[in-house]
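Every number in this text was worked out from the coordinates using simple rules, so none of it is lab data. What you are looking at is a predicted structure, and each value in this text was computed from that prediction instead of being measured. Here Cβ is always computed from backbone atoms with ideal geometry, including for glycine, and neighbour counts include all displayed protein chains.
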Amino acid sequence: MGFDFEMYGQTFSEFYLNSKGSISFDDYTIDWTPEEFPFTTDEVYQIAGFWADSDYRLSGEVYYKITQNEVFINFVDVGYYNQGEDLFNSYQIIITSDDSDYLPGDANTEMCYLNMDWAHGDVGGSNGCCGNSPATVGMDAAGDTGPYLQFGRFNTLDDVYNGPAGSGDGYDDGVNWLDYRSFIMNSEGDTENLAPFPTANVGCDTLTLCIGNTYELDLGFLGPEPTQTITVTSTDVPGWDYTITEGDNVTTITGIFTAQASNVGFQEITITATDNGSPVGETVNTIYIEVLDIELPTLTVEGNTAICAGGELELTATGDFDEIIWSNGTVGNTNTYTYGGTFFVTGYIDQCQVQEEFYVDQSPYFLPDVVVDPPAVCPGQTAIAVVDSLEQLEYASYQWDADWNGLGGEVVSYVGDAGAELTAGTYRLLVTDEDGCQGQRVFIIETVGSYIPEVTVDPFCDGIPESVVFEGGYSSPQEGALLIYMSSNEDSGWGGSYLELIINGEDSYILTSSDAFEQFDFDIAAGDDIEIIFYEDASVDSDVLSVSVYNCGFLNATTISDLSAGTIFSSASECEASPATGTWQCLSGPVPWSFSNVNEYDTEFAPSSYGLYEICFTEETCETDYCYDIEITEEPSVSLSVLDDLLCNGESETVFAEVEDIGGTAELNWSAPGEDGVASNDYSFSTTTTYNASIVVTNGCGSASASVPLYSQYTPDPSLEDASLCDGGEVYLDPTSPDTDDLNFEWYLNGDLIPGEIAEEYTAVSTGEYCVEVTNQCGSGEACANITIVGDIPPPLESMTIDCLGDGFASVVPDLPEGYTVVWPDGSTDPTWEVADASIYDGTEICLDYTDPFECETNTVCSYLYIGLPPTIEPEPILVDDNGVDYWQWSNPFRLIEATQAGNNDGPHLTLCPEVEYEFDLNAQTWNGTDWVDGAGEYEWWVECPDTTIYFGDPEDAMTVISSMLNQNCWEYGIALVGSAINPCAVGGVREEWDVIVDYCELVVPNVFTPDYGDPMNEDFHIQGLEVYDNVRMRIYNRWGQLVYSDDNYRNESAWRPNNGETGTYWYTMSLPNGFDYNGHVTILRDN
């Protein structure tokens, strides 16, 4: 360890780690039967963390760690014997040196526990508990009188504690009492006094009870040291009744606290335990209880609590609770049970609960009586198993399970409902009665007959043997197997009951079973004495147990169903050397031959020559034949020959095999498609190929092989097809497929040999006649093909296709050479495409796919299609004559402006005054296939000035012109304003031309006029230059500011002329359409 550990006055520097849950110091101990301290068989110093029958085969690990002053040993998830893997124990042992400060005070030993699930192995116990050797926890010095410390003997799966010593009822401790406890001690001497240990954990949380609830306490205090006296006292509180009982080394306080209306609130019960050691040890436990002012209802479990194996029952819990939970986790008032045991149900209301315990009594599987005839069978034979005819009246269904526990057997057929035809093996019969209760029987059908060994006779290759020896057959052997089958009608097996097998009074074996069936086998020989002792567990019904013993052979069977404690079987081994009897015979082979003993298996067979012998031994009991082939020969040899290895055009050729096989036992295997087992084969082939005909000759002494090549050829029959070679492309010429190695090629172009071209294929890139000659050993053949180049052509459609005939359709005709095919946008393929005016294709780009006659390639050409008429126009303004005066007239809105003459007197013009807007409109219309509609496809507007032409951007159907749009070069001259409507049928446009002059349009306003003055002159308010304006606004006021005249389209033709003799000065305001205003006065003079 690296340090000294002191225990009861002895010092140790090393320890033994024992698999049964302890460490020891002066020697090891591996006793799987725990004993009570200090009376142990091995008498070693040991610290027993949990001395019990541990089994690590399926679960459990042991770890240890040694530091400078401490040793830690951990037993983790340890299972119990026999291979228990449902319950586990985990605990730790710690020992330290005097220099360690790991443990408090002067302590040098600690035992710690996590979850502890099992207490006893299956030898004497079952399911981890309840045997005759409880687990021991404590520490002990060597010798029966040395000092020791024992905390308990643990045998049950609960937390009941009955004190540190003794075993059996009233003494056994529950292993759960150890859960999460730890014991800290000083093991150096036996003088340290340990405080009393409580036998139960009362907890530290406050208990909550309702009126009517009770809390029961059964708490003992253990004096770990022998012979100590423990004194226990308790405080008194309302509702707390208790009794203190003093015993040997343990004092117990039992009591019950009843929650009543008189003790509602918080209560404390303090229990103090002291010993008479030196110094006095004291342990104090305080129980905190809160009583709620809530009265609990009664919880009752109703229903039949008896159940048979295989059945089920339903129980109901009644009571006015918030929630009811059964011990298996089911929530609700009802619960179903399929097995027996002790259970409980809990009712919850607010913070309180009531628990009711109940017991479900499950009867075991009953044993149906099965009659097997015969009880043992020969290999391949069957037996009939039938349920006793009287019992059949009691059962409703039968289930025959073969190969039970993997021990063989097959149900061949069923004999009614209650019987079955079975082969040798192990079976389980499960029967169910009308009430749903079940019974089961496990039984065995054994194999009888002599034992004949498995023998393989190797071929004899070194000459003829004097004899072939057969031995090892017997009807009863000198040595054999003792088979013991333990059966139970309960799936849990034998529980704590077990068997002890003793052979020759010396070798002892413990046999346990945790399943319904368990098999054991042991080697025995003639003269061995066999004894089997039954040990009974009182908690297990022995009536459901049975034992089958097979003493050196399946014919020597003994079944024991009525078991009682003690020796149940005592016999000598029934192994004895008896030969296997029967008859030998030779079925085939060279003669003569002989057997040394024709009536027993053990014999010698004497052959006389090379060859194959078939001999058989017919076993007497089951008349089973055991046959053997004896091959006497030597290694074979073989060669192949053929008259002609060249096969032309499907000819057949024979291949001959010459074989040497002295024993005549060889097998001849030809390569496919040859026939096996013959000396020659004919081969022919439907294709050109090179084939290796082969043969393998095999006998027991070896094999030989040979092969010969065959060459199959066909007279070449090449073929080539004419093809068109597209410009820039190539044509792949392949005259034969598939190509074979026997062919030779020569290529020709236009009758001339192409030098160096001898390949199987040729690629043509030009126009011409290509020929090939193909030859092999069987003949030759020739083929030719014409290759043509296809060139490009000009686009067959113009960029635009226009039809202005106005006959309602257009004919589109592509310019294509003969033989070309076309596909039009609508999918049609006619050479000419007729398209209706106003169809979906009118006014769109159409695309034509065209393909050459050799289909080298397909090209696409596109053209804009237009079907229609030239546009029409109705231009404004127009020139009209009104009583000899020319005017420019607009219709919408109506507008009238007097025309003016240009300076060169070349006709009436439209004067464009500064900043006045003039609207020019073509009013164009276009034919849409069914009607004329407003607008044209395109427009152009421009003016032709001296030395320059001005084009207006974004032209539309109408054009608004003002003087600022024109430069000064265009002013004061007669110029032309041109508008043009354009579509594909009028590429040059349909035009209208207006003569205009851009002028400053100055006005001369008179300041006096003389109506009725005696001459026709100056009769009204005539404004010189006003005729080129329209929409002139005029207002005239008298000297008093009164409006006397108003006109929104003032013109000289209707100028203001007062006719009531007015005279004097008047004021006027005049607004022109360009926004210019004129203001002034005018005087009227009259000749009175």
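Worth pointing out:
- The residue list L733, C778, V790 was ranked by how far each Cα lies along the charge dipole of the range 723-790 toward its positive end, using unit charges on Cβ atoms, and V790 comes out on top.
- The modelled label-to-label distance between D27 and E798, using points 7 Å beyond Cα along the C-beta direction, is 13.0 nm.
- Note on the range 637-713: antiparallel DSSP beta bridges, both residues inside, total approximately 90 percent of the bridges counted.
- Dipole-positive endmost among F221, S467, S963 within the chain (Cβ charges, Cα centre): S963
- The range 1008-1084: C-alpha gyration tensor shape, a/c 1.5 cut-off, then a/b vs b/c: oblate
- Cα-centre dipole for the chain with unit charges at Cβ (Lys and Arg positive, Asp and Glu negative), debye to 20: 3700
- When the charge dipole of the chain is built from unit charges on Cβ atoms (+1 for Lys and Arg, -1 for Asp and Glu) and taken about the Cα centre, the candidate among L816, I530, G408 whose Cα reaches farthest toward its positive end is L816.
- Whole-number D in µm² s⁻¹ for the chain, Kirkwood Cα-pair radius fed into Stokes-Einstein, 4 °C, 1.567 mPa s: 27
- Rounded Å value of the spacing that divides the Cα centres of the range 560-610 and the range 717-788: 82
- Per-residue ellipticity at 222 nm computed for the chain from its helices equals 0 deg cm²/dmol, with DSSP H segments shorter than 4 residues left out and the rest contributing -39,500 (n - 2.57).
- Beta bridges per DSSP, both residues in the range 370-447: antiparallel share near 95 percent.
- Taking other residues whose beta carbon is less than 14 angstrom from the beta carbon of Y91, and scoring Lys, Arg as +1 and Asp, Glu as -1, yields -3.
- Computed over the range 207-295, the Cα gyration tensor eigenvalues convert (square root of 5λ each) into semi-axes of 30, 11, 8 Å, ordered from largest to smallest.
- Reducing the range 436-474 and the range 1008-1079 to their Cα centroids gives an inter-centroid distance of 152 Å.
- Residue order, fewest to most beta carbons within 10 Å, for H909, H120, H1081: H1081, H909, H120
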